[in-house]
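Engineer: First the structure, then my questions, so here it is.
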Number of protein chains: 2
Amino acid sequence: MTLNEALEKLKALELKQYAFNFAMSSISLDAVTVAPKDTAPGRGKALGILSEEDYKILANPETGELLAFLDEERKKGNLPAQEAREVELLKRDYDQMSRIPMDEYVAYQVLLNDADDAWHKAKDASDFAMFEPYLEKIVAYNIKFAGYYDPEKAPYDALLNEFERGATMEMLDAYFAELRNEIVPLLKATREKPQVRCDFTSRPCAIPKQRELSEYVMGLMGLGKDHVAIGETEHPFTLHFNKNDVRITTHYFENAMVSSMFSVIHEGGHALYERGVDDCYLYTRLASGVSMGVHESQSRFYENIVGRSRAFTGFLFPKLVELFPEAMEGVTPEEFYKAVNMAEPSLIRTEADELTYSLHVMVRYEIEKQLIGGTLAVKDVPATWNRLYKEYLGVDVPDDKHGCLQDSHWSGGAFGYFPSYSLGSAYGAQLLRVMEKDFDVWGEVAKGNLAPVTEWLRERIHRYGCLYNPTPLMEQAWGGKFDPTAYTEYLKQKYTDIYDL
Amino acid sequence: MTLNEALEKLKALELKQYAFNFAMSSISLDAVTVAPKDTAPGRGKALGILSEEDYKILANPETGELLAFLDEERKKGNLPAQEAREVELLKRDYDQMSRIPMDEYVAYQVLLNDADDAWHKAKDASDFAMFEPYLEKIVAYNIKFAGYYDPEKAPYDALLNEFERGATMEMLDAYFAELRNEIVPLLKATREKPQVRCDFTSRPCAIPKQRELSEYVMGLMGLGKDHVAIGETEHPFTLHFNKNDVRITTHYFENAMVSSMFSVIHEGGHALYERGVDDCYLYTRLASGVSMGVHESQSRFYENIVGRSRAFTGFLFPKLVELFPEAMEGVTPEEFYKAVNMAEPSLIRTEADELTYSLHVMVRYEIEKQLIGGTLAVKDVPATWNRLYKEYLGVDVPDDKHGCLQDSHWSGGAFGYFPSYSLGSAYGAQLLRVMEKDFDVWGEVAKGNLAPVTEWLRERIHRYGCLYNPTPLMEQAWGGKFDPTAYTEYLKQKYTDIYDL
């Protein structure tokens, strides 16, 4: 095999992975958007076969030889930077994947399909017991897979590493402890001050008008209809078939317009990241955001740092008055700004304000750590959840629907994902520090001009796709090491101002 | 290889085909329902790879050996009826497919993906020239593929045979000549009589209310939301992932409520056929309707024979008044019945009445016959189309959008499909003859009770899937040979009554 032949085979391998990923994404998107209700069995059958084929693309001796050959060339410095990185990541995928027996891999994919269905039904019925047997199996698989991913790590560390390379329980324990130390007193201080006005945020807003708002906001963000579509699902998410075909979803509630608005901005942030990856990575292993933490740093940057800023809400305000004249009647821009930043212990993570958000994440982190560590039984999840919500946030969880069944992550097998939401917030606050030195961020945002923000992020983050690991990528953008005080200081400054602390 | 081993491999082969078909259907459905506009290239890339893999499932030496072995066993009478038929059809697929070189097969799939996009754009712009280069290539591929399907047949006969086993140009020339002889004078006679009232059919009907009507009609037809969903596309169609997961689509126009209503009933007829196939055929080669002609016999039976009957329109009338009080103001049930059956030469096939419908089909049949026969150049399609519309229907075609770009079939490569619409109508009329002897069809339909009709059809047609070829299947249901006079007599009787001839 010549080097050129091997590189050609590499591209063919990546293209095949792209095609299977496209197919399975399409089926999954259909499942949560328009598929009829009782169709999971037939879909599961198809997904089972497709995952088996997908598994075989990577985990077969011929691919193993190809990647071993190319990895040697890489180490000798004979590959261009892009192909070197493709080989590095694929070799890693191969090593991990080939440790997972095929029947386990396929059975797991089928389980996830069934579990998604079971989770929806359990959530509707607010009955954890309906989901429990699925979660039992998903946890067991994750513990087993953690051993395949990295047998030398503690299982939960191995899983964390899948979502954020380098994240560990040791690092996160310290990070979350620091956050708690800063956030809890800050939250307490805001509770002792006069509360901000929020009566109008639950006023009814017609859903067709909310859909119009989504399109308007996507337009502001530069997410044109030629390459980005929006759908409606239980739980909002972003899916990219490729950088030129990105889908976001949201969920409209008549009495919670602000909720869908910020979910669209959040998912729009994910979409911008995918849209911004350089064309040269199209259809390759590098053609997507590099990690969940970095991805969340982009989505939460748009949602919170930009979206919930006084500059942006002020710019948006006249549009809201135009679309929802009754809901906005007698509301000032400043009242709107404060309302969407109201700090309040609550039940639902996706609805949480910036200040309490990381406390919601900590609940999940604690539970995952213990589930995967084997110190918590699945059947005890609801009780533990409810206890931790009381302890961290001071709220009583009334039922599973508003408790441990609220998120789709566990039914999707994503253990180790949650911490990246909080890390993403911290990454983003540190990016803001640098961005503010480079140009007049708030002056542009106040004009509704988000292009310079996106351009700045594209230049430093988006364009590279998976070319660099998260740490060097972010350190280059920050001009230094990770520093969570950027996040805590950002929160302190923002909430001191809002609550006049 | 023991027989049991071979039968296990057969089931695995069918399951794999099912999964790939599921994947490609999902991608295609997404493409025409919710995908952003400029996403064809990335989708084409994925579909190209998937069709290549799908091709390899069937067209490889190992499958060839398996099917040859099983086909021998079939001929010896060693297979149960179901498996014998599965092998017979798969062997036929294999023989055809393995004659198509893989690169041609894949290139054709990619071409169809691009052509669909080009057709949409050309139709929007009403500019055949934008679609012409794609159609050139599609015609060339179809001529070549016809030779692979059956090198002994004339190319267009080979293509016809793919949609309706046994159909030939000789048979269709005679069939269409007979229809023309009966329909043209009948149409002429109706034109000489006072015309039926139709002013109200273009009155505006709010699209959300039309969506409600679709759901109501689907409910009447027994198409529950657990297994059937409805979407919106340029051109209505039915797609089944499996018998428990069926999708239909329609297109709403504010000023043409009746149009979407009948398209839903039409596609609902297709859906009922798929829903009615016996469970034992699930995930096998037999798990779908047997041919396009038989499929259209079901959809057109519901759309026209049932849907456009005095009994059904009379039953539906109060619901229409409830949903569209303004549009239905001052209209009697009898006027509504006559309006939806108004015979009038027109431009658009899918909007055509029962009487003129087959004339629209004949235009397409003539053009296809000549394109595939090599006696008509693609560039001359618009002129020929317009000439034949003038000749058969007496209408002037104003532009390509209302002319040769109106249907999606050619962009989808479906040459030989159109005649099955007309054959389906004739098949259906002959079924009605028998059904009327068995029970009081119109008494039940007048009560909105379609279940006995569906039950009757399920018992005789739906349940068998692909177990029998179209001819024996239909002959058994008819209790005799195909007799087009059932169709012409049905039309004569219906239109003599409506126009008081």
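Engineer: Considering only the stretch B:142-159, I want to know if a residue exists there that is acidic (D, E) and farther than 28 Å from B:K379 by Cα. So that I can check it myself, show each step before the final result.
Structural biologist: Of all residues in the stretch B:142-159, those acidic (D, E) come to B:150, B:152, B:157.
Within this subset, residues satisfying the condition of being farther than 28 Å from B:K379 by Cα are B:152.
Scanning the stretch B:142-159 turns up at least one residue that is acidic (D, E) and farther than 28 Å from B:K379 by Cα.
Engineer: Of these, B:E178, B:E132, which one is assigned by TED's automatic domain parsing to the domain that holds B:V378 and of a type in the set (D, E)? Even if it seems obvious, please write down each step before you answer.
Structural biologist: Values: B:E132 fails: assigned by TED's automatic domain parsing to the domain that holds B:V378.
Criteria check complete, one pass: B:E178.
Engineer: Do we find that A:T454 is β-branched (V, I, T) and under 19 Å from A:E354 (Cβ atoms) in this structure?
Structural biologist: Numbers: β-branched (V, I, T): yes; under 19 Å from A:E354 (Cβ atoms): no.
When the stated conditions are applied, A:T454 does not pass them.
Engineer: Sticking with this structure for a sec: Please work out which residue is farthest from the other protein chains (Cβ to nearest Cβ), limiting yourself to the stretch B:1-47 and to residues that are surrounded by fewer than 17 Cβ atoms within 10 Å (Cβ to Cβ) and of a type in the set (K, R).
Structural biologist: B:K11
Engineer: Across the stretch A:166-195, what is the number of residues that are in contact with a helix residue (DSSP H, G or I) (Cβ under 8 Å, 6 or more places away or on another chain), part of a helix (DSSP H, G or I) and small (G, A, S)?
Structural biologist: 1
Engineer: Sticking with this one: Looking only at residues that are assigned to a helix (DSSP H, G or I) and touching a strand residue (DSSP E or B) at 6+ places or on another chain (Cβ under 8 Å) in the stretch B:271-298, which one is surrounded by the fewest Cβ atoms within 10 Å (Cβ to Cβ)? Steps first, please.
Structural biologist: Applying the first criterion (assigned to a helix (DSSP H, G or I)) to the stretch B:271-298 yields B:271-275, B:279-281, B:292-298.
Retained after the next criterion (residues that are touching a strand residue (DSSP E or B) at 6+ places or on another chain (Cβ under 8 Å)): B:271, B:274-275.
Working: B:A271: 28, B:E274: 25, B:R275: 22.
Among those residues, the one meeting the criterion is B:R275.
Engineer: Which residue out of A:D380, A:D396, A:D400, A:D407 is buried (at least 21 other Cβ atoms within 10 Å of the Cβ) and either of a type in the set (G, A, S) or under 24 Å from A:K121 (Cα atoms) (or both)? Working first, answer last.
Structural biologist: Working: A:D380 fails: buried (at least 21 other Cβ atoms within 10 Å of the Cβ); A:D396 fails: buried (at least 21 other Cβ atoms within 10 Å of the Cβ); A:D407 fails: buried (at least 21 other Cβ atoms within 10 Å of the Cβ).
When all the criteria are applied, what remains is A:D400.
Engineer: Now for a separate question. What are the residues in the stretch A:262-285 that are more than 14 Å from chain B (Cβ to nearest Cβ) and among the hydrophobic types (A, V, I, L, M, F, W, C), if any?
Structural biologist: Once the filter is applied, which keeps residues that are more than 14 Å from chain B (Cβ to nearest Cβ) and among the hydrophobic types (A, V, I, L, M, F, W, C), the stretch A:262-285 yields A:F262, A:V264, A:I265, A:L272, A:C280.
Yes/no matrix, rows are residues, columns are (1) part of a helix (DSSP H, G or I); (2) without any contact (Cβ under 8 Å) to a residue 24 or more places away in the chain:
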| site | (1), (2) |
| --- | --- |
| B:C404 | no, no |
| B:S411 | no, no |
| B:S422 | yes, no |
| B:A429 | yes, no |
| B:L432 | yes, no |
| B:E436 | yes, yes |
| B:N449 | no, yes |
| B:F482 | no, no |
| B:L501 | no, no |
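Engineer: Moving to a separate point now. Looking at B:V290 and the list (1) within 14 Å of another protein chain (Cβ to nearest Cβ); (2) among the β-branched types (V, I, T); (3) in contact (Cβ under 8 Å) with a residue 60 or more places away in the chain, which single condition is not satisfied?
Structural biologist: Single failed check for B:V290: (1).
Engineer: On the basis of being without any contact (Cβ under 8 Å) to a residue 12 or more places away in the chain and over 30 Å from B:P236 (Cβ atoms), does B:E73 make the cut? Give the steps one after another, and end with the answer.
Structural biologist: Numbers: without any contact (Cβ under 8 Å) to a residue 12 or more places away in the chain: no; over 30 Å from B:P236 (Cβ atoms): yes.
Spelling it out, it is not the case that B:E73 is without any contact (Cβ under 8 Å) to a residue 12 or more places away in the chain and over 30 Å from B:P236 (Cβ atoms).
Engineer: Follow-up question, since we're still on this one. On the given criteria, is A:A140 touching a Lys or Arg at 6+ places or on another chain (Cβ under 7 Å), free of Cβ contacts under 8 Å to residues at least 40 places away in the same chain and aliphatic (A, V, I, L, M)? Full working, then the answer.
Structural biologist: Working: touching a Lys or Arg at 6+ places or on another chain (Cβ under 7 Å): no; free of Cβ contacts under 8 Å to residues at least 40 places away in the same chain: yes; aliphatic (A, V, I, L, M): yes.
For A:A140, the condition - touching a Lys or Arg at 6+ places or on another chain (Cβ under 7 Å), free of Cβ contacts under 8 Å to residues at least 40 places away in the same chain and aliphatic (A, V, I, L, M) - is not met.
Engineer: I would also like to ask the following. Closer than 22 Å to B:A46 by Cα, more than 14 Å from chain B (Cβ to nearest Cβ) and among the aliphatic types (A, V, I, L, M): is that true of A:L90 in this structure? Spell out the reasoning first.
Structural biologist: On the way: closer than 22 Å to B:A46 by Cα: yes; more than 14 Å from chain B (Cβ to nearest Cβ): yes; among the aliphatic types (A, V, I, L, M): yes.
Criteria met by A:L90.
Engineer: Just to be sure, is B:Q82 of a type outside the set (G, A, S), touching a Leu at 6+ places or on another chain (Cβ under 8 Å) and not assigned by TED's automatic domain parsing to the domain that holds B:Y464? Working first, answer last.
Structural biologist: Working: of a type outside the set (G, A, S): yes; touching a Leu at 6+ places or on another chain (Cβ under 8 Å): yes; not assigned by TED's automatic domain parsing to the domain that holds B:Y464: yes.
Here the answer is yes, as B:Q82 does meet what is asked.
Engineer: Here is a further query. Every residue in the stretch A:233-261 that is modelled with pLDDT of 95 or more, within 14 Å of chain B (Cβ to nearest Cβ) and surrounded by fewer than 22 Cβ atoms within 10 Å (Cβ to Cβ), please.
Structural biologist: Selection gives A:T238, A:L239, A:N244, A:T249.
Engineer: With A:K153, A:K91, A:K123 as the choices, which residue is touching a helix residue (DSSP H, G or I) at 6+ places or on another chain (Cβ under 6 Å) and among the basic types (K, R)?
Structural biologist: On the way: A:K153 fails: touching a helix residue (DSSP H, G or I) at 6+ places or on another chain (Cβ under 6 Å); A:K123 fails: touching a helix residue (DSSP H, G or I) at 6+ places or on another chain (Cβ under 6 Å).
After ruling out the rest, the residue left standing is A:K91.
Engineer: Which of the residues that make up the stretch B:211-231 are hydrophobic (A, V, I, L, M, F, W, C) and within 14 Å of chain A (Cβ to nearest Cβ)? Quick ask: steps written out before the conclusion?
Structural biologist: Just the residues of the stretch B:211-231 that are hydrophobic (A, V, I, L, M, F, W, C), to begin with: B:213, B:217-218, B:220-221, B:223, B:228-230.
Answer for the stretch B:211-231, where residues must be hydrophobic (A, V, I, L, M, F, W, C) and within 14 Å of chain A (Cβ to nearest Cβ): B:M218, B:L223, B:V228, B:A229, B:I230.
Engineer: While we're on this one: Of everything in the stretch A:331-376, what is among the polar types (S, T, N, Q) and under 18 Å from A:E303 (Cβ atoms)? Give them in sequence order.
Structural biologist: If we filter the stretch A:331-376 for residues that are among the polar types (S, T, N, Q), which is where we start, we get A:332, A:341, A:346, A:350, A:356, A:358, A:370, A:375.
Once the filter is applied, which keeps residues that are among the polar types (S, T, N, Q) and under 18 Å from A:E303 (Cβ atoms), the stretch A:331-376 yields A:N341, A:S346, A:T350, A:T356, A:S358.
Engineer: Going by what's in this entry, would B:R285 be described as in the same structural domain as B:E212 (by TED's automatic domain parsing) and under 17 Å from the mean Cα position of the chain (by Cα)?
Structural biologist: Taking the combined requirement at face value, the residue does not satisfy it.
Engineer: With under 30 Å from A:L135 (Cα atoms) and of a type in the set (F, W, Y) as the only criterion, which of A:F415, A:F439 stands out? I'd like the intermediate steps shown before the answer.
Structural biologist: Numbers: A:F439 fails: under 30 Å from A:L135 (Cα atoms).
The match here is A:F415.
Engineer: Right, another one. Please pick out the residue among A:G224, A:G219 that is in the same structural domain as A:G330 (by TED's automatic domain parsing) and not in a loop (DSSP other than H, G, I, E, B). Let's see the steps before the verdict.
Structural biologist: On the way: A:G224 fails: not in a loop (DSSP other than H, G, I, E, B).
Only one candidate qualifies: A:G219.
The values are calculated or read from the model by the stated rules, or taken from the named source; none is laboratory data. As the structure is a computational prediction, the values presented were derived from the model and not from experiment. Virtual Cβ from ideal backbone geometry, glycine too; neighbours counted across all protein chains shown.
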